[in-house]
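Down below is the structure, laid out as structure tokens.
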Amino acid sequence: MSETGNRLRKLLESPNFDPQNYVKQLSQQSDGDRDLQEHRQKIQNLADETAQNLKKNVYKNYRQFIETAKEISYLESEMYQLSHILTEQKSIMESITQALLSTDKDETSKEMQAAFPKETEEVKQRTLTSLLEKVEGGKSIMDTPGRHLVYNGDLVEFDVDNMSPIQKVHAFLMNDCLLIATWLPNRRGTVKYKYNALYDLESFAVVNVKDNPPMKDMFKILMFPDSRIFQAENSKIKKEWLEILDETKKNKVSKDRHKKEEEPPTSPVRVEVSTNPFDVDDDEPADAEESVDLSLEWIQELPEDLDVCIAQRDFEGAVDLLDKLNKYLKDQPVTPRVKELRSKVDERVRQLTEVLVFELSPDRSLRGGPKATRRAVSQLIRLGQSTKACELFLKNRAAAVQTAIRQLRIEGATLLYIHKLCNIFFTSLLETAKEFEMDFAGNTGCYSAFVVWSRSAMRMFVDAFSKQVFDSKESLSTAAECVKVAKEHCQHLTEIGLDLTFTLQSLLVKDIKAALQSYKDIIIEATKHRNSEEMWRRMNLMTPEALTKLKDEMRGCGISFEQYTGDDCWVNLSYTIVAFTKQMMSFLEESLKLYFPELHMVLLESLREIILVAVQHVDYSLRCEQDPEKKSFIVLNATFLHDTVLPVVERRFEEGVGKPAKQLQDLRKSTRPVRINPESTTSLV
């Protein structure tokens, strides 16, 4: 930039620049329109230069903008997860604090209950009866003996998904269950509520919900796989609900434990010994019930601990508890109490399995790659669900591969797109195979499923590959390069013992056959068009450079061309024969890059048809030409085809395929040219 331009730039960039004063001074100093036009042109040049620099900077930093945006997105996701984890941890700490503070209250309430047990229970039963008379459909709840009211109050239920209020409810907490009743809009007499749901205290877990204005004073009841959220009137009532629910659940567990411990032992029964050898003793020993000790604290709290682990997504802890129980009951007799415990635990196992299945569903985020599924897969395998884990893992990876292929932007250059497509697909396939081998190392029966999945994934890849390479009518050379790239990537899979080359070839054979036949037809049409304009004249290349270039091209094809050229720029062959030779050798080289055994006959027949077009044209010209000089020139071209071109085609085909081409040899023998004198009319064939 000139010195004047630099001064103008500094002036415009100065912080105290005033446009009105600048224009005023400029108009006073200028001698006429010419000065103003020149100054305007300088400002325009400066604006164009600034715009160009801005574009360059944008293009230069474009990739950094994209990467920064991705990093910000990832960071936002991680911060959200971290916030969620901190919220859960705070909720757990608050529940522990509340449990410690309520210990003294528990002891006081137990002393009061011991002093006035009968009166308190009778009063609570009468209160419950009077309240249940206001609930439509709730009379049968009092049929259970010993059931009494602990706490009740109005709550507002919210939708779990969008946190919008649904309805107003009234909750009745009893010593063994929780009743939810909805308000009736049209009251009938003393009836105010309608029965909605009844939950056993062991069937749900209570979780505190962090206040997030305007959503506050809420708590959640988890009945896997469902959940419900309720809002109390204020924070004090919410605290009372949480404390009383937790206290009531503990009292029920403690009461059930003492009840089982205080059961009178079964009196021994004298067993009559039968002398009949065909009698089968179906009765268990009387002391079998006593031999299984289920009064341990960790066993009593196992169902609730499993609920907490599932709610907190502590899948490893849940499976560890199940393994501990299975080891404890491994050699124990199956008693009614054991069956009851098993039924409760089996329900939690079903819930845990559903959560793990959801973790592996394709609807979840696929950003983490195969390693992100390892946690859920390993726990499903520990639960004895290796077949289901294998199926879900492969479905998850199939969705991830499909999504990656769909998101790949179609570039203008086909070869560039194929490089990106192969890199994405085969890298994903290799990572999936390594992760599968790590996760299912002890389950060899799942490997057949992985092989089947690999074939289906390869089919998905070939669909995208063929749509871009073959459906878009790319040239044969481009198609050959693309197939070569795919084969090279496929070879990398042999490092882990997975060879999909045959699968790739079998899926591509139809498209490659169609491409070879299409290109063969193009060459035949072009050759016929040149034949129709054939004058049988020597080829004049006009410049030595053009002659040197033609010699190099023929030498690259493996054809000896020196004997048909002289010191000048003339070539002792016709333009039609030279163009045919170049086109056919190019077709042969590109076809050999695409070759595999299934294409052997297709390639042979294509070469045979192309050669026959040229041979028949030469034969027809020999029969029809009357000029002895031109006839000698035609024989010279026929000799070049027979003695030079066809042997090179045969040799190159045998080198590329690994076996001789008998059909091409027979064709060359049947087209042996005859040396003629100028008066002879002998033909080529």
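So which cysteines in the chain don't have a second cysteine's C-beta under 4.7 Å from them?
That list is CYS177, CYS309, CYS422, CYS482, CYS490, CYS557, CYS569, CYS624.
How would you order 197-207, 552-562, 50-60 from highest to lowest mean count of nearby Cβ atoms within 10 Å?
197-207, 552-562, 50-60
Would you work out if region 532-671 is rounded, prolate or oblate? Take a ≥ b ≥ c from the square roots of the eigenvalues of the alpha-carbon gyration tensor; rounded if a/c is under 1.5, else prolate when a/b is larger than b/c, oblate otherwise.
oblate
Counting only DSSP beta bridges with both residues in the chain, tell me the antiparallel percent, nearest 5.
Around 95 percent antiparallel, to the nearest 5.
Just to confirm my numbers, what's the Cα centroid distance between region 212-245 and region 368-411 in Å?
Computed from Cα coordinates, the inter-centre distance equals 36 Å.
Where the centre of each part is set by its Cα atoms, how far does region 293-327 sit from region 470-523, in angstrom?
55 Å
Output the 0 to 90 degree angle, nearest 10, between the alpha-carbon long axis of helix 33-60 and the longest principal axis computed from the alpha carbons of the chain.
Approximately 60 degrees, to the nearest 10.
Using packing as a proxy for protection, rank 31-44, 504-517 so that the peptide with the highest average count of other Cβ atoms within 10 Å comes first.
Ranked by mean Cβ neighbours within 10 Å, highest first: 504-517, 31-44.
In percent, what relative contact order does the chain have, based on Cα pairs under 8 Å that are 6 or more apart in sequence?
This gives 6 percent for the chain.
When DSSP beta bridges are limited to those with both residues in region 134-233, what percentage is antiparallel, rounded to the nearest 5?
Within region 134-233, antiparallel bridges account for around 95 percent of the total.
Eigenvalues of the Cα gyration tensor times 5, then square-rooted: what semi-axes does that give for region 444-524, in whole angstrom, largest first?
They are 29, 12, 10 Å, listed from largest to smallest.
Scan [x] 3, 15, 23, 22, 16, 12, 7, 2, 0; [y] 2, 9, 12, 12, 11, 11, 11, 9, 8, 6, 5, 3, 1, 0, 0; [z] 3, 12, 18, 17, 14, 12, 10, 7, 5, 2, 0, 0 for the value of P(r) over Cα pairs in 10 Å bins from 0, in percent calculated from this model and give just the label.
[y]
How large a share of the accessible area of region 1-73, in percent, is made up of carbon and sulfur atoms when the probe is 1.4 Å and the other protein chains stay in place?
50 percent
Rounded to the nearest 500 deg cm²/dmol, what is the calculated helix-only ellipticity per residue at 222 nm for the chain, with -39500 (n - 2.57) per DSSP H run of length n ≥ 4?
Calculated at 222 nm, the ellipticity per residue is -21000 deg cm²/dmol.
Any chance you could give the angle, 0 to 90 degrees and rounded to 10, that helix 544-556 forms with the longest Cα principal axis of the chain?
For helix 544-556, the angle is close to 50 degrees.
Counting Lys and Arg as +1 and Asp and Glu as -1, what is the net charge of the other residues whose Cβ lies under 12 Å from the Cβ of SER560?
0
Compute the long axis of helix 3-13 from its Cα atoms, compare it with the longest principal axis of the Cα atoms of the chain, and write down the angle in degrees, 0 to 90, nearest 10.
Helix 3-13 sits at roughly 20 degrees to that axis.
Determine, for each peptide in 246-259, 425-438, the mean count of other beta carbons within 10 angstrom over its residues, then list the peptides with the highest first.
For the peptides 246-259, 425-438, the packing ranking is 425-438, 246-259.
Provide TRP453, TRP298 ordered by accessible surface of protein heavy atoms (probe 1.4 Å), highest first.
TRP298, TRP453
How large, in Å, is region 134-233 by the Kirkwood hydrodynamic radius built from its alpha-carbon pairs?
Result for region 134-233, one decimal place: 14.5 Å.
Under a Cβ-Cβ cut-off of 15 Å, what is the net charge of the residues other than GLN231 that fall near it, where Lys and Arg count +1 and Asp and Glu count -1?
+1
Using alpha carbon centroids, what distance separates region 575-629 and region 123-174, in Å?
Their Cα centres are 93 Å away from one another.
For the chain, what is the accessible area per residue in Å², given a 1.4 Å probe and the full set of protein chains?
Ligands and nucleic acids excluded, the figure is 60 Å² per residue.
The values are calculated or read from the model by the stated rules, or taken from the named source; none is laboratory data. Note that the coordinates shown come from a computational prediction; the quantities given were computed from them, not determined experimentally. Ideal geometry is used to build each Cβ from the backbone, glycine not excepted, and the neighbour counts take in all protein chains shown. Accessible surface areas use protein heavy atoms only, side chains included; no ligands, DNA or RNA. Shrake-Rupley method; radii C 1.70, N 1.55, O 1.52, S 1.80 Å.
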